[in-house]
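Q: Please see the structure below; I have some questions.
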Amino acid sequence: MSVGPLERWIEKIIFNSRWLLAPLYVGLAGSLFLLSFKFVEELFGLLLTTIPKSGTDMILSLLSLLDLVLVANLIVMVMFAGYENFVSKLETGDNPDRPPWMGTVDLSGLKFRLIASISAISAIQLLKSFMHTEDVSDRDLGWQLGIYLAFVVSGLLLAASDRIKGKH
């Protein structure tokens, strides 16, 4: 079946429209700069107040730093996998720093990594709340626990659906 010029033109526009995503990924790269700045700001704050802090406050500060790192990792995963899956391949040549998973994460793998990262971030928030129960109402704590469990159940359901799909 022959394709007409109008159809070719429409398909070319649709195919090339994927490049509209590129500025979004550049924006995510910029957000890494902002996260890095916030990390350094919190690290210096922690270093300046380490002595007078209680053990609980120290752990909460460290959890905040870990939270920022997990969000940054999540951004990098979405940036790399999203760009490679939807826009174009990243040409890094023989760069020895190229992450081994880069170029191999499909949408299914990205879903699992995203839900795992979001679950970890949610768990950290929940742990912070448990450590400062005097500042958090039982209702808020219940909501946080419910949200965390929803992420965990979602991850398990995604894994089960992928396993079922793989058997067919």
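The values are calculated or read from the model by the stated rules, or taken from the named source; none is laboratory data. If you're wondering where the values come from, they're calculated on a predicted model, not measured in any experiment. Heads up, the Cβs are rebuilt from the backbone with ideal geometry, glycines too, and the neighbour counts pull from every protein chain shown.
Q: Looking for something closer than 19 Å to residue 81 by Cα, surrounded by 11 or more Cβ atoms within 10 Å (Cβ to Cβ) and either touching a residue at least 24 places away in the same chain (Cβ under 8 Å) or out of contact with any strand residue (DSSP E or B) (no Cβ under 7 Å at 6 or more places or on another chain) (or both) - is there at least one such residue anywhere in region 124-145?
A: no
Q: Every residue in region 155-168 that is among the small types (Gly, Ala, Ser) and exposed (fewer than 15 other Cβ atoms within 10 Å of the Cβ), please. I'd like the intermediate steps shown before the answer.
A: Applying the first criterion (among the small types (Gly, Ala, Ser)) to region 155-168 yields 155, 159-161, 166.
Across region 155-168, the qualifying residues are 159, 160, 161, 166.
Q: Further, regarding this structure: In the list 44, 39, 80, which residue meets the criterion of being assigned to a helix (DSSP H, G or I), modelled with pLDDT of 95 or more and out of contact with any Cys (no Cβ under 9 Å at 6 or more places or on another chain)?
A: Values: 44 fails: modelled with pLDDT of 95 or more; 80 fails: modelled with pLDDT of 95 or more.
After ruling out the rest, the residue left standing is 39.
Q: Of the residues 147, 75, 164, which is aliphatic (A, V, I, L, M), within 15 Å of the chain's Cα centre (by Cα) and outside any loop (DSSP other than H, G, I, E, B)?
A: Details: 147 fails: within 15 Å of the chain's Cα centre (by Cα); 164 fails: within 15 Å of the chain's Cα centre (by Cα).
The match here is 75.
Q: Kindly indicate whether any position in region 118-141 is farther than 20 Å from residue 60 by Cα, under 24 Å from the mean Cα position of the chain (by Cα) and assigned to a helix (DSSP H, G or I).
A: No; the residues of region 118-141 include none that is farther than 20 Å from residue 60 by Cα, under 24 Å from the mean Cα position of the chain (by Cα) and assigned to a helix (DSSP H, G or I).
Q: If you scan region 1-20, which residues turn out to be assigned to a helix (DSSP H, G or I) and of a type in the set (Val, Ile, Thr)?
A: Scanning region 1-20 gives 10, 13, 14.
Q: Among the residues of region 72-110, which ones are among the β-branched types (Val, Ile, Thr), under 25 Å from residue 163 (Cβ atoms) and in contact (Cβ under 8 Å) with a residue 40 or more places away in the chain?
A: Result: 78, single match.
Q: So, in region 1-19, exactly how many residues are surrounded by 10 or more Cβ atoms within 10 Å (Cβ to Cβ) and of a type in the set (A, V, I, L, M)?
A: Total meeting the criteria: 1.
Q: Now for a different question. Any idea which of 72, 22, 81 is surrounded by 15 or more Cβ atoms within 10 Å (Cβ to Cβ) and over 25 Å from residue 125 (Cα atoms)?
A: Selected residue: 81, the only one of 72, 22, 81 that is surrounded by 15 or more Cβ atoms within 10 Å (Cβ to Cβ) and over 25 Å from residue 125 (Cα atoms).
Q: Being hydrophobic (A, V, I, L, M, F, W, C), surrounded by 10 or more Cβ atoms within 10 Å (Cβ to Cβ), over 30 Å from residue 122 (Cα atoms) and in contact with a helix residue (DSSP H, G or I) (Cβ under 9 Å, 6 or more places away or on another chain) narrows it down to one residue among 90, 43, 62, 66; which is it? Break it down stepwise before answering.
A: Values: 43 fails: over 30 Å from residue 122 (Cα atoms); 62 fails: over 30 Å from residue 122 (Cα atoms); 66 fails: over 30 Å from residue 122 (Cα atoms).
Unique residue meeting the criteria: 90.
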